[in-house]
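Below is one structure, written out as structure tokens; the observations come after it.
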Amino acid sequence: MKKILVPCDFSEPSVQAFRFAVDIASQSRGEIHLLNVVELPVLYNEAVVMSFEQAYFKEMKDNAEKNFRKMIEKWAEGTKVKTMVQFGGLLKTVRDTAKEIKADLVVVGTHGATGLKEYTIGSNTEKLVRTVEIPVIAVKRVPKEVKNIVFPTRPDLDQEELTMKVKELQNFFKATMHVLFVNTPALFKPDQVTKAALADFAKRFMLKNVTLNVYNDIDEEQGIINFSREVKADLVAMRTHGRRGLAHLATGSIAEDVVNHIECPIWTYKIK
């Protein structure tokens with residue numbers, strides 16, 4: 001986690017994301033790239049657009065740089081921070097910038113999303129989780145430290161790529177990993193079967209400083225949320241499939257739902 005991209009609109013969640021990124025960069029001796037994206041209103045006259053862009057971009061860029069300086073002075077003394085102001089759509093700009101700077105992590109603030117908005121629009125953070133190719137950490141508030149990481153999994157699936165990434169995360173924070181299987185009516189298995197599978201899973205990947213947990217709940221999302229609260233999780237690490245369009249609407253994403261409804265940071269990794 002040497003090169004960290006932080007999209008920033010200067011809202012409280014984005015400030016929290018920046019503060020968490022500073023904590024990570026301090027441990028990794030990495031650098032932070034703060035990105036402010038300016039989305040232009042739609043204008044149809046080309047001459048007006050050119051004139052508008054020049055004046056508007058200068059004003060927005062000046063304001064962003066002023067706010068960047070305040071944030072860096074307050075939260076990031078001694079941390080290497082680079083700043084950028086870009087025109088464009090937020091999601092595409094973040095994805096393109098992450099590739100351009102070869103970022104290995106995106107840290108983004110989130111308000112979460114509830115009610116009708118969650119199903120019709122969703123949050124920008126949810127869309128980033130679904131589409132960015134590198135790990136994303138969604139942050140509502142900065143944890144004092146990361147000592148307990150919840151890792152929801154299904155030990156009967158191929159989890160090698162994801163599990164090795166979560167092991168790296170655990171080692172970085174020197175945290176306890178709580179491996180979790182949520183037993184639901186739809187995916188019900190006897191506890192003795194699941195506990196044996198979890199034990200084999202831990203042995204296969206040589207997991208250390210780990211607890212193995214079977215948790216019964218109505219669905220996976222609620223089980224992850226409730227278990228994380230019970231163990232006072234500082235971070236939840238999950239996979240996302242990055243489904244789009246009708247596939248996303250039909251099947252949803254547990255990772256994106258948890259991002260919208262849990263208070264601690266969520267680390268997500270997209271499985272292709």
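Just so it is clear, none of the values below were taken in a lab; they were calculated from the coordinates. All of these numbers come straight from a predicted model, not from anything done at the bench. Heads up, the Cβs are rebuilt from the backbone with ideal geometry, glycines too, and the neighbour counts pull from every protein chain shown.
With a cut-off of 16 Å on the backbone N, the residues of segment 167-209 near the modelled label site 7 Å out from Ser26 along Cα-Cβ are 173-174.
A simple spin-label model places pseudo-atoms 7 Å from Cα toward Cβ; at Glu263 and Phe188 they are separated by 3.3 nm.
Computed from label points 7 Å out along Cα-Cβ, the spacing between Lys195 and Ser11 is 4.4 nm. Label separation (Met206 vs Glu161): 2.2 nm, computed from points 7 Å beyond Cα along the C-beta direction.
Taking every C-alpha pair closer than 8 Å and separated by at least 6 residues, the mean separation divided by the residue count of segment 148-270 gives a relative contact order of 30 percent. Distance from the C-alpha centroid of segment 202-229 to that of segment 78-105: 33 Å, rounded to the whole angstrom. Could you pull out the chymotrypsin sites (Phe, Trp or Tyr not before Pro) across segment 156-212 that fall in loop regions by DSSP (anything but H, G, I, E, B) with no more than 13 other Cβ atoms inside 10 Å? Here the sparse-neighbourhood loop sites are Phe188. Straight-line reach from Lys74: taking Cα to Cα under 26 Å and skipping same-chain neighbours fewer than 8 places apart, the lysines in range are Lys2, Lys3, Lys58, Lys61, Lys66, Lys82, Lys140, Lys144, Lys147. The alpha carbons of segment 148-270 stretch over 39, 33, 27 Å along the principal axes, in descending order.
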